[in-house]
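The values are calculated or read from the model by the stated rules, or taken from the named source; none is laboratory data. As the structure is a prediction and not an experimental result, all values here were calculated from the model. Virtual Cβ from ideal backbone geometry, glycine too; neighbours counted across all protein chains shown. Protein only, heavy atoms only, side chains kept; ligands, DNA and RNA dropped before computing areas. Shrake-Rupley method; radii C 1.70, N 1.55, O 1.52, S 1.80 Å.
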Amino acid sequence: VSYHPLECPVCEAAGDCRLQDYAHEYGVAVSPWGWHPLEFATRDDHPNVARDPNRCILCGRCVRICREVMGIGCWGFRSRGYDTIIDTAYNMPLEAVDCVSCGQCVSTCPVGALNMKRSRFAARNWQTDKTKTVCDFCAVGCEQEVQTFRGKLVRVKAPIGEGVNQGNLCVKGRFGMEYVNSDERLIAPLVRGEDGLLTPATWDDALARAAEGLKKAKAAKAVGVIASARCTNEENYLLQKLARTVLGTNNIDSGARYNQAAAVATVGKVLPYPAMTNSVADLTDADVLLIAGSNTTEEHPVLALQLIKAARQGKTLIVIDPRRTDIAKRATLHLAVKPGTDTLLLAAMLRHIIDSGLQDKDYIAANAEGYEELVESLQAVSLEAAAEACGLAAADIKTAAELYGKAAAASILYSAGLTQQVNGAAAVTALVDLAVITGNLGRPGTGVNGLAGQANAQGACDMGCLPDYLPGYRALTDADGVKAVEAAMGRLGDKNPGKTIGEMLQGVLDGQIKALYVVGENPAVSEPGAAAVKEALEQAEFLVVQDLFLSETARYADVVLPACAITERDGTLTNTERRVQRVREALPPLDGCKPDWEIVLALANQLEADWAYASPADIMVEIAKAVPQYAGISYERLDQGDIQWPCVSAGDEGTPVLYADGFGERKALLQPVEVAPVDPADSAADGYAFTLTTGIEREHFGTGSRSRRAPGLSGLVAEGRLEINATDAASLGIASGDRVQVTSPWGNIEPVAVIAPTVPQGLVFMPQHYAEAAAAALFPAVSDPVTKVPALKAVPVNVQKKA
Ligand code: SF4
Ligand code: SF4
Ligand code: SF4
């Protein structure tokens, strides 16, 4: 304390400061050495992090968390004695070094030397109300402590040692939740009047109008419901129940269609459950991690910390990705596969494992069927031909196969990089086959771990927001399953499979769908085939949109229903590792808004459903009856801690690792590998110089409707950027910051270019979050025919600098 400024009254950390605590505990009222004030300059040049080196006690925690947990190393000690300071290299601004703005250093700083800039002077730590809840961006499902003051969210922290994140958060979880305070929130229902304009209405009028429109379409058997992969389990359960038992249709899908829904037709075909087999915590038990189509550090940043830890421990990381992503840079082996050739690569790996005798014959004999058919399907696969087609060295494919095949415990991770391909089903199925034939299932550090996208993508599928599966993944063709679901939730109005999001929109154009009810999704930006999507939204006879903001989709609506943010409602979310966890109301519903579950309930009752749920806990009681994997789950139990499904009874503690005892009464059903030809989008490649691929970036999420309204995120990245290789950019006379025109056979957009070493020559990359530069608008309305996941990973484009 001899040189620590005594400015507690104005320090952000006062009341939450270890130095203050210790001074109090040890009765240090006056420094025996006098006071030697420091005169370091404060730094305020980062959008979210403010620093005052004068308050620093040189504990080194920020240095260590950035280096050891984040695997980056932005901070270091500079100088000696009283001049010692924590600084970046060459005193550069944080944004100019490799900082990913996670705020982890701020969270661990025990004093007020590093502060959350946006919440400075908003409220003292002790003044805030604190609520434990869950982040609603990605499906890692990080536990948060949301601090609120006078009806506003002030800051977000993570409880140390709790939940999947164990005290860590990424930039979105820490700085992105401020969207709930946005002035752009809808605060009254809107109804389109005879003048064609959306005007504020009462809830009674809006609900009556919504019910009337849906009822009319129900009579014509022409209604569809799009549920939300970011709504809670309870809300999604009610939405599919509304569709099936009130509106009489299986036209129910959700944003999980963009990735997670693929698991049903792939993982779920080989193994009993269409879900991640293992847990985030046991990823570090693997000796080898095979990461395919997952830009993990950007898409699932907190889960990626496990991979960074594994790499630091000397574990082997094999990354399959056309781009040299951050995780690819950390890998032992990066297979920079040509876009769309992943299945061929995986088939070649399977073939080499089998030819080299690395398969686990005993495990296969005891646990699997279909091995001969799998071997047969690989006969036409040659390592050399595959290497050439994939743009890889045959030796690298062999090395990858041998590293995986020889590992004592090998884990597979995959995500939208695979599923959003036109032949993604074949690639994912090949990955599951790899795990089964090498016996890499049922133990910590093994498994096939498909990383779900949105916060509740897994839960939306569990709840049955799928056009061909009921709650608990009961097929519509399974008579006993249908009977069990009907016993829990009432009679189904239709037993035929319904339509996916893309099929519903096409159905509008074909005249089969008259009305759509869209909750918390934004297909106007997320769906490929932009012109047809726009036409469908315009042509729909009746469109109800329920959301927080007037999204691009809501602008087409006849009725807009304002929903509550995740911080304003109770419920549960199920993360990517099947962890069911409680979301809690931290703020009262914003005036004029209602929680989604209450809106669905009110709408159902307007449609004469006679539902009587008093709370989300009530809905969970019914979910436990309808979804066998949730049979032992209740709010009472969840309040004691999260539970990973399957949890089949009140005494069942849940299942962190699936298949520890095999596959129950069945075996793993190995599937032949169908090496599909190249993406059909390539058929239009003549005359196009580049392949465009798309994905998620660290600072934003989905269609940006929430993240772009969080100043802590939009202050970091404000608009869509096209990543282009330096050589390609130079040949086109493009510099970073130039506006460019990107044209495909299906559309054009005008993002800003940024020169990036991550993309090889000939490949360009765009994130998916920007409505005014919607990458999906460049793609045709093509999906994987098996999973019906839109193909958003490879399209031919030209790029030119805008005059
Ligand atoms: S914000 Fe994150 S990446 Fe940036 S310096 Fe702090 S810990 Fe490192
Ligand atoms: S964590 Fe805070 S007090 Fe400790 S060295 Fe870093 S800036 Fe200084
Ligand atoms: S990793 Fe995902 S769940 Fe965790 S804080 Fe970041 S966005 Fe939220």
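Pull out a ≥ b ≥ c, the square roots of the eigenvalues of the alpha-carbon gyration tensor of segment 8-180, then state rounded if a/c is under 1.5, prolate if not and a/b is larger than b/c, and oblate in the remaining case.
Details: a/c = 1.84, a/b = 1.28, b/c = 1.43.
Oblate.
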* Asked: In terms of the Cα gyration tensor, with a ≥ b ≥ c the square roots of its eigenvalues, is segment 573-685 rounded because a/c is under 1.5, prolate because a/b exceeds b/c, or oblate?
  -> oblate
* To do: Quick one: give the max-minus-min coordinate of the C-alpha atoms of segment 680-801 along each principal axis, largest first, in Å.
  => 42, 39, 22
* Asked: Sorting 149, 77 by accessible area (1.4 Å probe), largest first, what list results?
  -> 77, 149
* **Alpha-carbon centroid distance for the pair segment 602-616 / segment 624-667, whole angstrom** => 28 Å
* To do: Run the numbers on segment 82-184 and let me know its relative contact order in percent, using alpha-carbon pairs under 8 Å that are six or more apart.
  => 22 percent
* aspartates and glutamates near residue 315 by alpha-carbon distance under 20 Å, same-chain residues fewer than 8 away left out - which ones? -> 68, 282, 285, 287, 326, 396, 402
* To do: May I ask you to list the residues of segment 44-61 whose amide nitrogen lies under 17 Å from a point 7 Å from Cα along the Cα→beta-carbon direction of residue 83?
  => 54
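Per residue and in cubic angstrom, what volume does the convex hull of the Cα atoms of the chain have?
Numbers: hull volume 134.5 nm³, N = 803.
In the chain, the Cα convex hull volume per residue is 168 Å³.
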* Structure fact -> Rounded to whole angstroms and listed largest first, the alpha-carbon spread of segment 74-176 along its three principal axes comes to 43, 31, 24
* To do: Determine the share of segment 8-180's accessible area contributed by carbon and sulfur atoms, expressed in whole percent, with a 1.4 angstrom probe.
  => 53 percent
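Apply 1/(1 + (r/R0)^6) to the Cβ-Cβ distance of residue 372 and residue 220, taking R0 = 51 Å, and write down the FRET efficiency to the nearest 0.05.
Once the sixth-power term is evaluated, E becomes 0.55.
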* Cα centroid distance between segment 216-285 and segment 191-209, in Å? -> 30 Å
* Structure fact -> In nm, the gap between the two label points placed 7 Å beyond Cα toward Cβ at residue 380 and residue 719 is 4.8 nm
* **With DNA, RNA and ligands ignored, accessible area of residue 228 (1.4 Å probe; Å², nearest 10)** => 0 Å²
* To do: Kindly flag which residue pairs out of 534/802; 221/483; 221/594; 215/788; 218/499; 216/514 have an alpha-carbon separation exceeding 18 Å in this structure.
  => 534/802; 221/483; 221/594; 215/788
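In segment 560-626, what GluC sites (Glu not before Pro) fall in a loop by DSSP, with at most 15 other Cβ atoms inside 10 Å? Before the final figure, lay out the partial values.
Numbers: sites: 568, 577, 585, 598, 608, 622; in loops: 577, 585, 608.
Qualifying residues, ordered by number: 608.
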* Asked: So, counting K/R as plus one and D/E as minus one, what does the shell of residues with Cβ under 9 Å around residue 801 add up to?
  -> +1
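So how much slack lies between residue 356 and residue 625, counting 0.36 nm per residue of separation and subtracting their Cα-Cα distance, in nm? Spell out each step's value before the answer.
Working: separation 269, 0.36 × 269 = 96.84 nm, distance 4.79 nm.
Full extension of this stretch gives 92.0 nm more.
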* **Dipole-positive endmost among 714, 63, 264 within the chain (Cβ charges, Cα centre)** => 63
* Share of antiparallel DSSP beta bridges in the chain, in percent to the nearest 5? -> 50 percent
* Hey, for a label at residue 329 modelled as a point 7 Å past Cα toward Cβ, could you say which residues of segment 739-769 have their backbone N under 12 Å away? => 756-759
* Please label the shape of segment 277-450 as rounded, prolate or oblate, based on the square roots a ≥ b ≥ c of the eigenvalues of the alpha-carbon gyration tensor (a/c under 1.5 means rounded; beyond that, a/b larger than b/c means prolate, else oblate). => oblate
* Structure fact -> The simple spin-label model distance between residue 120 and residue 584, using points 7 Å out along Cα→Cβ, in nm, is 3.1 nm
* **3J(HN,Hα) from dihedral phi, segment 325-332, Karplus parametrisation 6.51/-1.76/1.60, rounded to Hz, x for glycine, proline** => 6, 4, 5, 5, 5, 8, 7, 5
* To do: Sort 101, 649 from largest to smallest accessible area, using a 1.4 Å probe on the heavy atoms of the protein chains.
  => 649, 101
* Structure fact -> For the residue 313, residue 58 Cβ pair and Förster radius 25 Å, calculated FRET efficiency rounded to 0.05 is 0.35
* **Spin-label model distance (nm) - residue 29 vs residue 3, 7 Å beyond Cα toward Cβ** => 2.7 nm
* Asked: To the nearest 10 Å², what's residue 36's accessible area with a 1.4 Å probe?
  -> 80 Å²
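What does the net charge come to around residue 555 if you take all other residues with beta carbon closer than 12 Å to its beta carbon, with K and R at +1 and D and E at -1? All intermediate terms of the calculation are to be shown ahead of the outcome.
On the way: positive: 192, 534; negative: 538, 547, 552, 558.
That works out to -2.
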* Accessible surface ranking that places the most exposed of 59, 74, 99 first, with a 1.4 angstrom probe -> 59, 99, 74
* **With DNA, RNA and ligands ignored, accessible area of residue 62 (1.4 Å probe; Å², nearest 10)** => 10 Å²
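Given a Förster radius of 30 Å and the C-beta distance between residue 204 and residue 483 as r, what FRET efficiency does 1/(1 + (r/R0)^6) yield to the nearest 0.05? Write down the numbers at each step before the final one.
Numbers: r = 38 Å, r/R0 = 1.25.
It comes out at approximately 0.20.
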* Using 0.36 nm per residue, how much length does the chain from residue 491 to residue 10 gain when fully extended, once their Cα-Cα distance is taken away? -> 166.9 nm
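Within 10 Å, count the other beta carbons around each residue, average over each peptide in 323-332, 103-112, 81-90, and list them highest first. Numbers along the way, then the final one.
Details: 323-332: 20.0, 103-112: 22.8, 81-90: 13.9.
So the order, starting with the most tightly packed, is 103-112, 323-332, 81-90.
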* **10 Å beta-carbon shell around residue 69, net charge (K/R +1, D/E -1)** => +3
* To do: Compute the length gained on full extension between residue 21 and residue 803: take 0.36 nm times their separation in residues and subtract their Cα-Cα distance, giving the result in nm to one decimal.
  => 275.5 nm
